[in-house]
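Input: a single structure, listed below in structure tokens.
Nothing in this text is a laboratory measurement; each read-out follows from the coordinates by a stated rule. Predicted model only: the values in this text are computed from it and were never measured. Cβ atoms come from the backbone with ideal geometry, glycine included; neighbour counts cover every protein chain shown.
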Amino acid sequence: MGKAPASRPGRLAYNRPTPSIQSRAHLTNTAQVIKTRLPNPPPAVETLLRTVQGAVAELKANDVVEIDVRDKTSVCDYMVIASGTSTRHVKAIADEVVRFAKKLDCQPLGVEGESEAEWVLVDLGDVVVHVMLPRVREFYALERLWTVGDEPPQDQDAVESGGGDRD
């Protein structure tokens, strides 16, 4: 066969595109817009939360906890934390959450940790789902982190439960 040409039109050395080709590359093509945009209008938070509950129940996630974080952060309204029995189970639960969300026409904003599958985070906008192995969940203690201050101090409970009528 013949030799390959020394240089091709429209290319610089090391196969880098020329500036004219780079200027035509757009970051807003249809595939990227669909992948990063919530449906208009997005599903109601309650609907999204019920969908997540159904997904984690479908694959029998353990110790499912929902935390209302509306008064603590603007990142999301609810966090759902669940445990899986193995890395396969954790990944399968997260995949099921994504599948159920897509049925609502709600594309996840991001899914992190699927390769290791010890802790997978699924960001659905108003609801963020954490699926973890029990040892990882115990180590990071997200429930304790996000519920600090939700319950009155124990000393306050003792005063309210009958310590006030002593004379």
*Based on other C-beta atoms within 10 Å, arrange T51, T73, T87 from fewest to most.*
T73, T87, T51
*Please report, in Å, the Rg and the Dmax of the stretch 35-115, where both are computed over Cα atoms only.*
12.7, 36
*Can you work out ³J(HN,Hα) from phi for every residue in the stretch 136-149, in order, using Karplus 6.51 cos²θ - 1.76 cosθ + 1.60 and θ = phi - 60°, giving whole Hz and x for Gly and Pro?*
5, 5, 5, 5, 7, 6, 4, 4, 5, 4, 8, 10, 4, x
*Enumerate the calculated ³J(HN,Hα) couplings along the stretch 57-71 in order (Karplus 6.51 cos²θ - 1.76 cosθ + 1.60, θ = phi - 60°), each rounded to whole Hz, writing x wherever the residue is Gly or Pro.*
5, 4, 9, 6, 5, 9, 6, 6, 10, 10, 10, 7, 10, 4, 8
*With a point put 7 Å past each Cα toward its Cβ, work out how far Y140 is from E58 in nm, to one decimal.*
2.3 nm
*Among V129, V80, V75, which comes first, then next, by fewest other beta-carbon atoms within 10 Å?*
V75, V80, V129
*Please figure out what share of the DSSP beta bridges in the stretch 45-150 is antiparallel and state it in percent, rounded to the nearest 5.*
70 percent
*asked:* Can you work out the Karplus-derived ³J(HN,Hα) for every residue in the stretch 118-135? Use 6.51 cos²θ - 1.76 cosθ + 1.60 with θ = phi - 60°, whole Hz, and x for glycine or proline.
replied: 8, 8, 10, 10, 10, 9, 9, x, 6, 10, 10, 10, 10, 10, 9, 6, x, 5
